[in-house]
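This report concerns only the one structure given below.
Since every read-out is calculated from the coordinates, none of them should be taken as a lab result. The shown structure was predicted, so the numbers you read here are calculated from the model rather than taken from an experiment. Heads up, the Cβs are rebuilt from the backbone with ideal geometry, glycines too, and the neighbour counts pull from every protein chain shown.
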Amino acid sequence: MRTRASALPGAGTGAAISPGRARRVSKVLERHPDHPAAALLLGTIEAEAGRDAEAARWLNVARAGGADPVAVNYQLAQVLRTLGQTAEADAALRRFTERRAAHWAVESATRAADREPKNAELQCEVGRCFVALGEPEVAVSWFVQALKIDPNHRASHAALADYYARQPDPGAATRAQFHRDRSK
């Protein structure tokens, strides 16, 4: 199960971390060594303490576990650069920048869709942004909303066809074909 960084006190806030909070995070990691939010927070603590190798270790645990990719990759880029691992630092910075841009795109598209709630193309654009962010399940609701506004909206049908084509359940193939036929 993924846990959001905000589920732990001080995670992702950038606030100074007390020794007591660090001990609580360490206890969480003793019981759940792959806990992504705790690993992110401990990686941040280690980085602030100048223990960059240990920070990188915990940040990689956080990244592998699905912790907030923006926070993880930003911290990882800083730590890896300090360790002299410039290629890896550049890759982490690139992941951070791409993810941050995707978040901004979602926010911008959502604001536009909120301003024009009867515009199917804007609803679909929010869905596309969520697909780019790696959240296709969220995107589906935006595509469906676009089809409620305009049942013939081809881009939304095409996006839903792609989504259902990737789903493992047998009924998804039928839904994929339904939307594929309407996207032409």
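Describe numerically, in nm with one decimal, the distance between label points set 7 Å from Cα along Cα→Cβ at SER141 and at ARG175.
1.5 nm
Label points 7 Å out from Cα along the Cβ direction at ALA53 and ARG24: separation in nm?
3.1 nm
Output ³J(HN,Hα) for the stretch 165-173: one whole-Hz value per residue in order, computed from phi by the Karplus curve 6.51 cos²θ - 1.76 cosθ + 1.60 with θ = phi - 60°, and x for Gly and Pro.
Working through the residues one at a time gives 5, 8, 7, x, 6, x, x, 5, 4 Hz.
On C-alpha positions alone, give me the angle between the axis of helix 19-31 and the longest principal axis of the chain, in degrees, nearest 10.
Approximately 60 degrees, to the nearest ten.
In degrees, nearest 10, range 0 to 90: what is the angle between the Cα axis of helix 136-149 and the longest Cα principal axis of the chain?
30 degrees
Assuming R0 = 45 Å, can you tell me the calculated FRET efficiency for the pair ALA87 and ARG31, based on Cβ-Cβ distance, to the nearest 0.05? Don't jump to the answer; show the numbers that get you there.
Values: r = 35 Å, r/R0 = 0.77.
With a Förster radius of 45 Å, E is 0.80.
In the stretch 68-184, if the dipole is taken from +1 on Lys/Arg beta carbons and -1 on Asp/Glu beta carbons about the Cα centre, which of VAL140, LEU76, ALA159 is farthest to the positive end?
Comparing the listed Cα positions along the dipole, ALA159 ranks first.
Using a cut-off of 20 Å between alpha-carbon atoms, which lysines can reach LYS184, once sequence neighbours fewer than 8 places away in the same chain are excluded?
Output for LYS184: LYS148.
Could you tell me whether the stretch 70-184 comes out rounded, prolate or oblate from its Cα gyration tensor? Rule is a ≥ b ≥ c as square roots of the eigenvalues, rounded for a/c under 1.5, then prolate if a/b exceeds b/c, otherwise oblate.
In terms of gyration-tensor shape, oblate.
Looking at the square roots a ≥ b ≥ c of the eigenvalues of the Cα gyration tensor of the stretch 18-71, which shape do they give, rounded for a/c under 1.5, prolate if a/b is larger than b/c, or oblate? Please list the in-between numbers first.
On the way: a/c = 1.68, a/b = 1.10, b/c = 1.53.
In terms of gyration-tensor shape, oblate.
Shape verdict for the stretch 107-171, please, from the Cα gyration tensor: rounded (a/c under 1.5), prolate (a/b greater than b/c) or oblate. Please report the intermediate quantities before stating the final value.
Values: a/c = 2.67, a/b = 1.47, b/c = 1.82.
Judged from the Cα gyration tensor, the stretch 107-171 comes out oblate (a/c at least 1.5, b/c at or above a/b).
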